[in-house]
1. If Rh is defined by the Kirkwood formula over all Cα pairs and Rg also comes from Cα, what ratio Rg/Rh do you get for region 622-748?
2. Determine the relative contact order of the chain: mean sequence separation of Cα pairs under 8 Å and six or more apart, normalised by residue count, in whole percent.
3. Peptides 618-625, 255-262, 398-405, 136-143: what's the order by average Cβ count within 10 Å, highest mean first?
4. Roughly how many Å is it from the Cα centre of region 161-237 to that of region 15-65, as a whole number?
5. Which cross-chain or sequence-distant (5 or more) residues have an amide H under 5 Å from the amide H of VAL125, H modelled 1.01 Å from N in plane?
6. Per-residue counts of other Cβ atoms within 10 Å, averaged by peptide: what ranking do you get for 448-455, 577-584, highest first?
7. Please list, in chain and number order, the residues 5+ apart from THR392 or on another chain whose amide H is under 5 Å from its amide H, with Hs placed from the backbone.
8. First check a/c for region 751-812, with a ≥ b ≥ c the square roots of the eigenvalues of its C-alpha gyration tensor; if it is under 1.5, answer rounded, and if not, answer prolate when a/b is larger than b/c or oblate otherwise.
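Just so it is clear, none of the values below were taken in a lab; they were calculated from the coordinates. These numbers were taken from a predicted model, which means no experiment stands behind them. In this analysis, Cβ positions are derived from the backbone assuming ideal geometry, glycine residues included, and neighbour counts consider all displayed protein chains.
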Amino acid sequence: NPIYNPAEIEPKWQARWEADGIYHSDVDHSRPKHYALTMLPYPSGDLHIGHWYAMTPSDARARFMRMRGYNVLFPMGFDAFGLPAENAAIKHNIHPKVWTYRNIERMRKQLKSMGSMFDWRREAVSADPEYYRWTQWFFVQLYNHGLAYHKMSPVDWCPNCNTTLAREQVWGEDRHCERCGTPVIKKDLDQWFFRTTKYAEELLRYDGIDWPERVRTLQTNWIGKSSGAHVVFTTEQGDPLQVFTTRPDTLWGVTFMVLAPEHPLVAKITSPAQKAAVEDYIQQAGRQSDIQREAADKEKTGVFTGGYAINPVNCERIPIWIADYVLVTYGTGAIMAVPAHDQRDFEFARKFGLPIKVVIQPKDMEPIRVEDLPEAVPASGVMVNSGILTGTDGEAAFDQAVAFVEEKGVGKRATNYRLRDWLISRQRYWGAPIPMIHCPTCGIVPVPVDQLPVLLPDDVEWKPTGESPLKLHPTWRFVKCPVCGGDAERDTDTMDTFMCSSWYHLRYLSPHYDQGPFDPQEYDYWMPVDTYTGGIEHANMHLIYTRFFHKAGRDMGIMKGNEPMTQLRNQGMVLGEDYEKMSKSRGNVISPDELVAAYGADTVRAYLMFFARWDMGAPWSSSGIDGTSRWMRRIWATLLEPAGGGQADPALIRSLRRKLHQTVRSVTRDFEQFEFNTIISALMELMNEMTKAKQEGAFGTPAWKEAEGIYLKLLAPVAPHITEELWQRLGYSYSIHTQKWPEVDEAAAAEDEVTLVVQLNGKVRDRIQVPVDISEADAKAAALASESIVKALAGREPKKVIYVPGRLINIVG
Ligand code: ANZ
Ligand code: ZN
């Protein structure tokens, strides 16, 4: 008998499938379409077990959808630009391009070793000029539509990576760089931004998309919408000083104002006597992070500016302070302080001896004595000491306050978002060059689209100088202005790589198309993405950027529909065996290559689907994989090794077929619902049942042949190689992967017996097992024979027996 040897059959079938192109996503117009997308990897060098954990079930599900009769597009590519390549260049003196493409080569091989059904003709690599030509093209479109703009702004700067970092790339209390751990500093630079904030409101709506609640909540919090009002105070120098407040109803309780230390009016309002203290404080605040500054438990600090403002609702003269708990990046960077009702303002007032004025009397509290207040008073109740608002409460007070300031022309209703515009510029080499030209005469001019791509030069030196290596290139940046023909310079920054990954799902549609970013016909057929799978850690950046990108594309007439991805599902994380996150530095990384060499890809795939709930993840455990491996060998032997038989007890056949069709039902449902571990356990159970049936003579019967065929089809998406091999050895025609998914035979799947509830006068007394097709008379007789009924009736005749078929019998007695 042949033995199961994955090392032999896996490469054999992979080569055959590739040669035959059985996974090409061709379109048969009689079938519905399914675009299954899994997040593309960064070519860091090696595929790790986390990639397999994410991708195997996605692959299995795409295969399942194909067998279910869909035209399936399941592409793969590489998010190939980015810092690690450049850091490797500096460290190992290797060109980022060489490093990146070498890694891609290696990872592509690994991906193929999984036996995945990726259609490699659709591969897209974001660092290919034919790809980034269109990334640049999108940039120009956004610019032409007013969605990209240039401005000087302070940025977080990593002095080690020599680059700006997005807010999300700065981590921890000490504000370190996400990639290298170096503390981040502030720097002023000319930068490109995309107007993501224009879409803040629309991004809060998730109409028609099936995305996990958790992701929507993360996005909603990230966008951070607050409703309130802008109110304009006036400084004594006569400058308007606008604040954003969510509580305009507390305007009569304002006793001071606080500006962020970086606020532009600070210098002007500061009195000569306070100048030294103010400047000192600004210095000190600049060294801290927004997170540190916002921390609720932080001891309040601040300095009086010596300046005053006038409160527009009651003309009171109030002092202006600066303090680091007010952030320059939020709202207007200035607040009206209401210490009686805002805890941070309360602490500040107590610390610096500033007045506190109660303007809201909560309904369930004694009249408040300010001197005794231990903390801010909850800001809900009836307005007091508030001019025209006095006596009003709740929302009415809010609305009246807004109406009042609007009428006086000193404020209006306003909505504020935490979301910032997307900072695109990176002062690095290995990215898509920003296709803009700076002309001393014409200003900023986009590179004409017929001159795209602006190619990255190969001959650069990446010394960590703090400047973009493109700036140091002897010739690259010097160009003629496309408008006036005069001497001009290229923008020497490259784009944030999140720009590349915001539209890769579109490049897959036609990766070599050269009339646009994608072939519109392919777009019309395949888009939107039907199922997107990947990590929840992308909830805030990639998944917001890609939605923004799609909506902007729609408004520019390039894309269609409101959302790029209809359904999103997130996998959990595989931790190290030690319950820690897997990382090279911890030395707890599990290499899929070694596992494949030891067990074969099919076993690794099945085990990854089995050992944890896919959406939860779990610490890796090597011990369980042997069980999965034994199961594979058992399948091989049970289906292949001949046995006597050909005749079996009809009851045995009946129960084999019942189990078989119940498994078809549960596996189908579980694939639909992304519940992969239960697919494996159901298939293991069915194999147990089949092994038993084989021992009892079922081998070779029609029911056995049915079970054998269906078993292989159910397993095919999980373990593509062994199923193809057995399919062939058992004499079926190639390929199992183009077979139709099995249908449930409902009659076969039905249970033989049902449980009837037996009641006496409406109270449950017993439950009995009866054949499904029992007659009414037999059912009643069985109920009356129940021990507890016999006892309860004690010989009496029941008055009436009511039978609800398949459910219950009620005895009235
Ligand atoms: C007066 C007031 C009274 C406030 C009260 C709150 C409660 P969210 O909900 O997060 O949007 N604020 C405004 N800009 C700020 C900034 N740049 N840095 C720190 N705090 C800022 O919070 C809005 C509230 O946070 C605003 O409403 C303002 O304080 C403060 F009983 O104004 B409020
Ligand atoms: Zn010019």
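1. 0.94
2. 14 percent
3. 255-262, 136-143, 398-405, 618-625
4. A separation of 33 Å, based on Cα centres.
5. Residues meeting the amide H criterion: PHE78.
6. 448-455, 577-584
7. MET383
8. prolate
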